[in-house]
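To start, the structure itself, in structure tokens.
The values are calculated or read from the model by the stated rules, or taken from the named source; none is laboratory data. Note that the coordinates shown come from a computational prediction; the quantities given were computed from them, not determined experimentally. Note: accessible area is taken over every heavy atom of the protein model, side chains too, but ligands, DNA and RNA are not part of it. Shrake-Rupley method; radii C 1.70, N 1.55, O 1.52, S 1.80 Å.
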Amino acid sequence: TVNIVGVSPVRSACLDESVKAGRILGEGEFRNEETISEGTAGGVDQDSFTLQIGKELVDSWIQVDEDAIRAAVREIEVMFGDKVEGAAGLALAGWRSINQPPRSGVGGSENQCSILIVCGGNTG
């Protein structure tokens, strides 16, 4: 079984909130504050297919705060030597929020595996 978890920054979770509302939210209808996850900040284009994908493929959504995103960005740099932007840290921050402290096996069980999709601009 595959379980897809979408992750948004608490300060700008338009897609998460739009999926819950069943429509793309406009400015003023969702929290849209500055976040280090610049690649995921702001609204969703009204004519995009992003909402449909989020509704059909994502099983659950979580939101993470700025401290968790910063910690994930630092962890990626320490683990892999890559300097990445905040949006790239979202997946790890989300995974950490539901798998902390790490348990035996990846993803919390000997019979489970977690795959994180990390994307965003390289800053270094």
Original post:
How much of the accessible area of the chain, probe 1.4 Å, is carbon plus sulfur, in whole percent?
Top reply: 51 percent
Subject >> When the convex hull of its Cα atoms is projected in every direction, mean area for the chain (nm²) >> reply: 8.0 nm²
Original post:
Given the Cα-Cα distance of THR50 and VAL5 and 0.36 nm per residue of separation, how much length would full extension add, in nm?
Top reply: 14.7 nm
Original post:
Given H placed 1.01 Å from N in the peptide plane, which residues other than close sequence neighbours of ALA13 have an amide H under 5 Å from its amide H?
Top reply: ARG31
Original post:
In deg cm²/dmol and to the nearest 500, what is the mean residue ellipticity at 222 nm of the chain if only DSSP H runs of at least 4 residues count, each as -39500 (n - 2.57), divided by the residue total?
Top reply: -10500 deg cm²/dmol
Original post:
In the full protein assembly as shown, how much of LEU90 is accessible to a 1.4 Å probe, in Å² to the nearest 10?
Top reply: 10 Å²
Original post:
Give me the Kirkwood hydrodynamic radius of region 1-63 in Å, from all C-alpha pairs, to one decimal place?
Top reply: 11.8 Å
